[in-house]
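Working notes for the structure below.
Every read-out reported here was derived from the displayed coordinates using simple, explicitly stated rules and does not represent laboratory data. Nothing here was measured: the structure is a model prediction, and the numbers come from that model. For neighbour counting, all protein chains shown are included, and Cβ atoms are generated from backbone atoms with ideal geometry for every residue, glycine included.
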Amino acid sequence: MVPRLVGAPLYSVRLANIHFWMALAGTMLYIVSMWGAGVSQGLLWLSVDEIGELSFSFKDIMASMQPFYALRLIAGLIFLIGTCLMAFNLFKTLAGRHAVVVKAPPVDPAYAMVKEVAA
């Protein structure tokens, strides 16, 4: 969309494709990790002993979430790198455009005189 707005070609289509796939991969990994963490945590909360008390303490449940949170961190970094590539690509696109010089139409002499009298 930016190339159409500024009237300049995109700096690198390859960078745009890499950004797309990194954003998609990061988002999908993030979703999978959080879904897995939610299911795992929910099942641990449902685990009770004979008298109805939780089988696992809150601390144990949070410790079991660490692999999911590590995967979430990796997913976020992948997404962030893709976003930085997009920002670089857009910056180079905007920096590489050429200024368009448009000549102003000549001013009507009658209008110019009216403006001088009014001023």
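If I require 15 Å or longer along the helix axis, counting alpha carbons, and a Kyte-Doolittle average no lower than -1.0, what helices from the chain are left? Use full DSSP H segments.
Within the chain the helices that satisfy the rule are 13-46, 66-96.
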Per residue, how big is the convex hull of the stretch 2-118 when only Cα atoms are used? Give it in Å³.
197 Å³
Filtered trypsin sites (Lys or Arg not before Pro), the stretch 38-100: DSSP coil and at most 16 other beta carbons within 10 Å
Arg97
So, how do all the Cα-to-Cα distances of the stretch 1-50 break down into 10 Å bins, in percent, from 0 on up?
21, 24, 19, 15, 11, 6, 2, 0
Of Ala75, Ala104, Ala16, the most mobile residue in a GNM of the chain (C-alpha springs, cutoff 10 Å) is Ala104
Quick one: order Arg4, Arg14 by neighbouring beta-carbon count within 10 Å, fewest to most.
Arg4, Arg14
Cβ-defined net charge surrounding Leu44, 15 Å radius [Lys, Arg +1; Asp, Glu -1]
-2
